[in-house]
Amino acid sequence: MKEKMPAHIAIIMDGNGRWARKRGLPRTAGHKQGAQTIRSIAIACNERGVKVLSVYAFSTENWKRPQDEVDYLCKLPRFFFNRYMEELIKNNIQVRFLGEIERFPEDTRNVILSAVEKTKHNSGLILCLAVNYGGRREITLAAQRYAAAVLKGEADLQIEEEAFSRYLMSSELPDVDLMIRTSGEQRLSNFLLWSNAYAEFIFTPVAWPDFDEKQLDLAIQEYQERDRRYGGIS
Ligand code: FPP
């Protein structure tokens, strides 16, 4: 078996609602448990030498959920960082975010920005929270920034993929190597459309709140057994 660790793991953390309902709990209890899973999986990724863990915490489509659920999701970053900031710092984890956080309440924005600031010199795992993030939106915003640069004479109309990718919000992250979606659904749901171009996809029936180190290792092992050809041949 090849031992190569994926440098960038992206996770669509699905199944929080179903996990909670199965236990007779409100959907929000599933999200809270899911936030705790982010902590344990981030620490496990850091220990395994993964460079980046991106988690889809709030999509541009999630605003369509009932207001009380949206409000709860907006409050989760405070819960998460209050509870785990010290541990994240101790583990040398750097927090970043992807998405248009301007739309969130001021408190949510401040909590996220402060986590980024407090961990910016850490050199371990980059834990990237995708919040109010959409893959098409990311590419559309990049196209706007690129067009503006062309109009100002700062960029050429002929552009290579590599140069265009510098306009993306995810420009400082490596391409995704391993994309995991929990809870049985098998779709991308607008997550990291550009960076997932050559990712290996692993779908597990396990709900996100139940996803643990063992599940992570199984996914990494399956990834390591795959033959990545990037359109070429072995
Ligand atoms: C999908 O499950 C999950 C979400 C839309 C939210 C994910 C958010 C977290 C795990 C917590 C985020 C925490 C921080 C710190 C940013 P679902 O609700 O669609 O589940 P279902 O398909 O079973 O209904």
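Computed values, structure above
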item	result
Exposure rank, largest accessible area first [162, 69; 1.4 Å]	162, 69
Centre separation in Å (Cα based) which lies between segment 168-234 and segment 45-117	20
Length added when fully stretched, residue 229-residue 63, from 0.36 nm per residue minus Cα-Cα	56.0 nm
Probe 1.4 Å, all protein chains present, accessible-area order of 54, 234, largest first	234, 54
Other-chain or far-sequence residues with amide H under 5 Å of residue 200's (modelled H)	178, 179
Square roots of 5 times each gyration tensor eigenvalue, C-alpha, segment 1-42, largest first, Å	28, 10, 8
Evaluated at q = 0.11, 0.14, 0.22 Å⁻¹: base-10 log I(q)/I(0), Debye formula over Cα of segment 16-135	-0.36, -0.58, -1.33
Evaluated at q = 0.11 Å⁻¹: base-10 log I(q)/I(0), Debye formula over Cα of the chain	-0.58
Length added when fully stretched, residue 21-residue 117, from 0.36 nm per residue minus Cα-Cα	30.9 nm
Mean accessible surface per residue for segment 1-159, computed with a 1.4 Å probe while every protein chain stays in place, in Å²	52
Built amide H within the under 5 Å cut-off of residue 95, gap 5+	119, 127
Per-residue HN-Hα couplings for segment 50-66 [Karplus 6.51, -1.76, 1.60; θ = phi - 60°; Hz; x = Gly/Pro]	5, 8, 9, 10, 10, 10, 8, 8, 7, 8, 4, 8, 5, 4, 6, 6, x
Relative contact order [Cα under 8 Å, 6+ residues apart], segment 88-234, whole percent	19
Accessible surface of segment 1-98, 1.4 Å probe, proportion on carbon and sulfur as whole %	50
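The values are calculated or read from the model by the stated rules, or taken from the named source; none is laboratory data. Just so you know, these numbers come straight off a predicted model, no measurement behind them. Each accessible area value is taken on the protein alone, full model and side chains, heavy atoms only, with ligands, DNA and RNA left out. Shrake-Rupley method; radii C 1.70, N 1.55, O 1.52, S 1.80 Å.
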